[in-house]
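Everything on this sheet refers to the single structure shown next.
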Amino acid sequence: MIDIFKIIGALGLILISVGIITKKRSKQDVFYIVGGICLEIYSIHLGDLIFIILQIIFTLSAVYDLIKVYLSKK
């Protein structure tokens, strides 16, 4: 049986990887945020407190950067 949480974790890693090669800054942040959320779900499933905290920090950093880019365009 395929573990849905492993699929979510793999999807998160793929999305973050796509974000790295994407050239448009706001799209990068969206990929980072969605990928980070997927990896956060996987980290919670694993119950690994270190990775849970690190994924929260990563995702919040991407959200902050997206807001900063959005506000600089106004």
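Among all lysine pairs in the chain that are eight or more places apart or on different chains, how many have alpha carbons less than 23 angstrom apart?
9
Summing +1 for each Lys or Arg and -1 for each Asp or Glu, what net charge is found among the other residues whose Cβ lies under 12 Å from the Cβ of VAL69? Display every interim value, and only then the final one.
Numbers: positive: LYS24, ARG25, LYS27, LYS68, LYS73, LYS74; negative: ASP29, ASP65.
After counting each charged neighbour, the total is +4.
Under a Cβ-Cβ cut-off of 15 Å, what is the net charge of the residues other than LYS6 that fall near it, where Lys and Arg count +1 and Asp and Glu count -1?
Working: positive: none; negative: ASP3, GLU40, ASP48.
Spelling it out: positives minus negatives among the neighbours equals -3.
Fully extended, how many nm does the chain gain between ASP65 and LEU49 (0.36 nm per residue separation, minus their Cα-Cα distance)? Before the final figure, lay out each step's value.
Numbers: separation 16, 0.36 × 16 = 5.76 nm, distance 2.44 nm.
Full-extension gain reported as 3.3 nm.
Which ³J(HN,Hα) values in Hz, rounded to whole numbers, follow from the phi angles of region 48-59 under the Karplus curve 6.51 cos²θ - 1.76 cosθ + 1.60, where θ = phi - 60° and Gly and Pro get x?
Computed from phi, the couplings for region 48-59 are 8, 4, 4, 5, 4, 5, 5, 5, 4, 4, 4, 5 Hz.
Can you tell me the relative contact order of the chain? Whole percent, Cα pairs under 8 Å, sequence separation 6 or more.
Values: 74 pairs, mean separation 23.3, N = 74.
The value is 31 percent.
Apply the Karplus curve 6.51 cos²θ - 1.76 cosθ + 1.60, θ = phi - 60°, to the phi angles in region 64-72 and return the couplings in whole Hz, x for Gly and Pro.
3J(HN,Hα) across region 64-72, in whole Hz: 4, 5, 4, 5, 4, 5, 4, 6, 6.
Can you work out ³J(HN,Hα) from phi for every residue in region 18-27, in order, using Karplus 6.51 cos²θ - 1.76 cosθ + 1.60 and θ = phi - 60°, giving whole Hz and x for Gly and Pro?
Once rounded to whole Hz, the list reads 5, x, 5, 8, 6, 8, 7, 4, 5, 5.
So what's the projected area for the chain, the Cα convex hull averaged over all directions, in nm²? Walk me through the intermediate numbers first.
Numbers: hull surface 19.7 nm².
So the mean shadow area of the Cα hull is 4.9 nm².
Which residue, GLY47, GLY35, GLY12, tops the fluctuation ranking in a GNM of the chain built on C-alpha contacts under 10 Å?
Evaluated over the chain, the most mobile residue of the options is GLY47.
Between beta-carbons, use under 15 Å as the cut-off and find the net charge around ILE21, counting Lys and Arg +1, Asp and Glu -1.
Values: positive: LYS23, LYS24, ARG25, LYS27; negative: ASP29.
With Lys, Arg at +1 and Asp, Glu at -1, the net is +3.
What are the chymotrypsin sites (Phe, Trp or Tyr not before Pro) within region 1-40 that DSSP puts in a loop, where the Cβ has at most 12 other Cβ atoms within 10 Å?
Values: sites: PHE5, PHE31, TYR32; in loops: none.
Qualifying residues, ordered by number: none.
Coordinate-derived values only; no laboratory data. Treat the numbers as computed from the prediction; the structure is a model and nothing was measured. All Cβ positions, glycine included, derive from the backbone under ideal geometry; neighbour counts span all protein chains shown.
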